[in-house]
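Here the structure comes first, spelled out in C-alpha cells, and everything after it is commentary.
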Amino acid sequence: MAEVRLENVTKAFGNLTVIPDLSLTVPDKSFTVLVGPSGCGKSTLLRLIAGLEKPTSGAIRIGGDDVTRAEPSKRGISMVFQSYALYPHMSVARNIDFGLRISNVPKEERERRLNEAARILALEDYLDRKPAELSGGQRQRVAIGRSIVRNPKVFLFDEPLSNLDAALRAQMRVELAELHQSIASTMIYVTHDQVEAMTLADQIVVMNKGRIEQIGTPMDLYDKPASVFVAGFIGSPKMNLMPGKAIGRPDIPTVGIRPEDVEVTEGDGWETKARVVETLGSDTIAHVRVEDVGEMTVRLPGHIRLNDGDRLKLRADPARQHHFDADGRRMEGQTA
Amino acid sequence: MSEVSTSPNAAPGLSERLRRAAQNGRLTATLILLPPALILFTLFVMLPLGESGVYAFYDWNGYGAPEDFVGFRNFEQMFGHSVFSVAAGNTVKIVIVSLLVQLPLALLLALLIYKKTPTNAAFRLIFFVPYIMAEVAAGLIWSFVFDGNYGVTASIANSLGIDRFFVLADRELAFYAVMVVIVWKYFGFHMMIYIAALQGVPDDQVEAAQIEGASRRQIVRHVQIPHIRPAIAVSVFFSIIGALQVFDVIIPLTNGGPSNQTHTIVTYLYEFGLTRLRIGFGSAVGVVLFIVAVLVAVFYQRIFMRRANP
Ligand SMILES: Nc1ncnc2c1ncn2[C@@H]1O[C@H](COP(=O)(O)OP(=O)(O)OP(=O)(O)O)[C@@H](O)[C@H]1O
Ligand SMILES: [Mg+2]
C-alpha cells in the first residue's frame, strides 16, 4: 500500500507562496501525472513529496505513514531528475547500485537487483561505461535503473523525457508504461507534454498557480474540462474559446469548441477563410478566420487538402460544445 | 604563448597555415602581441635565472663583475651547512603541514560555507582576510599574539596561573608557531578554490544521493570530492609551490631564530646569501630551489593534473 496523500500542504519560499493550500490523494499503484504551465509549482510539489523541500504547513502521508518531516531516504520513494543527475565519475553499474552500496546491501542481493534492472532497461552491455559515454536515452534508463533497484513504494519523475528527441521520447513513453505495468508501484510524473500526460496517466492533476484546477482521468479532462484553464490546457491543438454570442447564445459567457469537433459542411455554417494550413498527413490543421467570431483552429481529416487562403464552410457539432460561466467554471448540463 | 605553435616545426602545411593566419589577422596579432611578452619574459625571468645560474659558481659580493670562479664550492658549503639542513627540513615540514593540515581544513570550511547564504558570505570574507593581508602585517600581528610579556599568550599564561612562556623564543616550539601562522595565512586561498568548485557541483546530484540514503559524509566522499578533484589537484600544486617559497611571514615573526631553527630555504637564502653579501652563495641556493620547484611542477603536472582532466 503506497497511497500518497497531501493534506492542506502549503509551501512558501520567503515571501513567495508557491503552493497556497493543496490537498491531493494519489491512489496506490496509480500513474498520476502533474501538468500545468511553467512555474505553477509542479516540481515544488514533487520535491515536497520527495522530502527535498519541507512544507510550510500541512501533512504528507505515504502509505499511511506521516512523512512530513522524514528524510528523503526514509520515505520509500525514488526520484528521476530531468537532468538525470548521474554521477559522472562512476560507471553505469556503480551509478545504479550506489544506494545499495552505501546502505550495505549484501553483494549477492546487490548484483541480483542490478542485473534485474539492467535486464528490464536493456542496459546489460553498458554497465562498465561512464555516463558521458552514453546516449541521452541510455542515460535516462540508467537514472530509471537507479530508481528501480531501490524497490521504492513511490516513483517520482520530474520531466524525465524532456531532454530527449521526439522519437526517443515516444519510445521511452512506451517503456515507462510497460515499466509501470510490470512493477506496479505508485508513480507520480511531472510533464509539460500533453501526449505524455494523456497516454501515461491513470489520473491527471492539472495545476495552475500552485492550486489544483482539476483531477481526473485523461478522458474526463478531455470530455468535461472543469474550467476554461483546463479546457485550454488539455488537448492539442488547443480548444477554441469564444464568447457565446458567436454561436448565437449571448447567455453563455464562454463557449469552447475543440478543433476536432468542427467539420466541413455543405449546409448552414460559418463562412471561413484558411489563413494557415498545416498538412500532417493523417490530419489537416487549418487556422481559419471566421466572420464575427475571430480566429479558430480546426482539425480536419487528412484527405481534405487545403491551401492557404481557401474558403470553406464549417459547422461545429452542437453536442460537443463546452460552456463556461463568467468565472471560467464549467456550466453543467449545457452540452446536450 | 599558444601562438608559438605556429613556429617552423609545425612542418606540414606550414605555408598554408601562415597564409591563413595572415588572412584572418592572427599573424598580425601574434606579431604585435607576442614580442612585448617575450621580451619582458626574457629580460625579467630568463636572464636573471641564467645569470644566477652563472653567479652560483662564483664567490661574489654583488659589487663589480664576478671574477672569483669557485666551481661547486658554494654548493658544497651549502649542503655541508647544518642550518641549510634545518631550513630544508623546515621547508619539507611546511609542505607536509600544508597538505595534511591546511588543505583538509580549507576543504572542511569550504564544505561548511559553500552554499550561497548571507551568513556564509560573511564567514567567507572573514576566512579570506588573512590571505589578503600583507604577509609582513600578518607576521607582526602574530608576533604580538605570541609575545610572552604582553601578548595573547601572556594573558593565557596569566589566567591559567602558569609561568609566562615565549613561544617564538623556544627552539622546539618556534617553528610550530610559524606553521600555525602559515596555515592561518593561506588556508583561505585554498578554501576559495574549493568553494568555487563545490558551487559547481550540480544540486540534483547531491539531492539524488540524499534520496538514496547517503549521509552527509558519504555525499562529500562519493559525490562532491570526486567532482572537485581537478580543483584539489590545482590547490595541492599551489600549496606545494607556495610552501617551497615561504619567506615573508617568517621575517617579522622569528627572523629565522632562535638559533637559526626556523629558517626556510628562502629565508636561508636571504640571510646567508643577501644580508651577508654572498651573492654567489645565495645564487647557488636559488638554483637548488629553482630546480626543486621545476621538478615538482613538471612531475606533478605529468602525474596528477593530466589525470584530473581526462
Ligand atoms: N528554492 C526556491 N526558492 C525560491 N523560489 C523558488 C524555489 N524553487 C522554486 N521557486 C519558485 O516556485 C515557483 C514554482 O516553481 P516550480 O519549479 O515548482 O515550477 P514548475 O511548475 O516545476 O515549473 P517548470 O514547468 O518550469 O519546471 C516558481 O515561481 C519558482 O520561481
Ligand atoms: Mg519543474
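None of the figures in this text is laboratory data; all of them are computed from the coordinates on show. The structure displayed is predicted, hence computed values, not measured ones. Every residue, glycine as well, gets a Cβ built from its backbone with ideal geometry; the counts of neighbours run over all protein chains shown.
Some observations on this one:
- FRET efficiency estimate (nearest 0.05) - Cβ-Cβ, B:Arg20 to A:Leu16, R0 56 angstrom: 0.55
- Environment charge of A:Gln214, counting only residues whose C-beta is closer than 11 Å and scoring Lys/Arg +1, Asp/Glu -1: +2
- Inter-part distance where segment B:104-127 and segment B:241-263 are each reduced to a Cα centre, Å: 29
- Centre separation in Å (Cα based) which lies between segment B:143-162 and segment A:238-311: 91
- With a 10 Å cut-off around each Cβ of A:78-87, the average count of Cβ atoms from other chains is 5.
- Computed label-point distance, nm, for sites A:Lys209 and A:Val264 using a 7 Å Cα→Cβ extension: 4.2
- Note on B:Lys116 and B:Arg217: their simple-model spin labels are 3.1 nm apart, each label 7 Å out from Cα toward Cβ.
- Taking a point 7 Å from the Cα of B:His81 along the Cα-to-Cβ direction, the residues of segment B:43-68 with backbone N closer than 20 Å to it are B:49, B:51-63, B:66-68.
- Compared with the alpha-carbon gap, the fully stretched path from A:Asp202 to A:Leu280 is longer by 25.2 nm at 0.36 nm per residue.
- Once the Cβ-Cβ distance of A:Arg249 and B:Leu108 is raised to the sixth power relative to R0 = 56 Å, the FRET efficiency obtained is 0.20.
- Rounded to 5, the percent of DSSP beta bridges in the protein assembly as shown classed as antiparallel: 75
- Dipole moment magnitude, nearest 20 debye, chain A about Cα centre, only Lys, Arg, Asp, Glu C-beta charged: 1080
- Beta bridges from DSSP with both residues in chain A: antiparallel share about 75 percent, rounded to the nearest 5.
- The longest part of chain B holding none of the exposed loop chymotrypsin sites (Phe, Trp or Tyr not before Pro), meaning those outside H, G, I, E and B in DSSP with at most 10 other Cβ atoms within 10 Å, is B:151-310.
- GNM top mover of A:Glu291, A:Glu116, A:Glu175 - chain A, alpha-carbon springs below 10 Å: A:Glu291
- Counting beta carbons within 10 Å around each of A:Asp65, A:Asp193 and listing the fewest first gives the order A:Asp65, A:Asp193.
- Chain A: most fluctuating residue of A:Ser103, A:Ser57, A:Ser236 per GNM, C-alpha cutoff 10 Å: A:Ser103
- Its convex hull of Cα atoms gives segment A:242-324 a direction-averaged projected area, equal to a quarter of the hull surface, of 5.1 nm².
- Gain on full stretching of the segment that runs from A:Ser38 to A:Leu168 - 0.36 nm per residue minus C-alpha separation: 44.5 nm
- Radius 12 Å from Cβ of B:Tyr55, net charge of other residues (Lys, Arg +1; Asp, Glu -1): -3
- Entries in A:Lys11/A:Lys107; A:Lys74/B:Lys185; B:Lys93/B:Lys116; A:Lys11/B:Lys116; A:Lys130/B:Lys93; A:Lys238/A:Lys313 that, when Cα-Cα distance is taken, lie over 31 Å: A:Lys11/A:Lys107; A:Lys74/B:Lys185; B:Lys93/B:Lys116; A:Lys130/B:Lys93
- Magnitude of the charge dipole for the protein assembly as shown, about its Cα centre and with charges confined to Cβ atoms of Lys, Arg (+1) and Asp, Glu (-1), is about 840 debye.
- The GNM of chain B, with springs linking C-alpha atoms under 10 angstrom apart, assigns the highest mean-square fluctuation among B:Gly71, B:Gly13, B:Gly62 to B:Gly13.
- Counting only residues at least eight positions apart within a chain, or on another chain, the aspartates and glutamates with an alpha carbon under 19 Å from that of A:Lys209 are A:Glu7, A:Asp21, A:Glu53, A:Asp158, A:Glu159, A:Asp193, A:Asp327.
- Nearest-ten-degree value, helix A:107-120 long axis tilted from longest Cα axis of chain A: 20
- Local electrostatic count, A:Ala316, Cβ distance below 13 Å [Lys/Arg +1, Asp/Glu -1]: +1
- Point-charge dipole on Cβ atoms (K/R +1, D/E -1) for segment A:242-324, about Cα centre, debye to 20: 80
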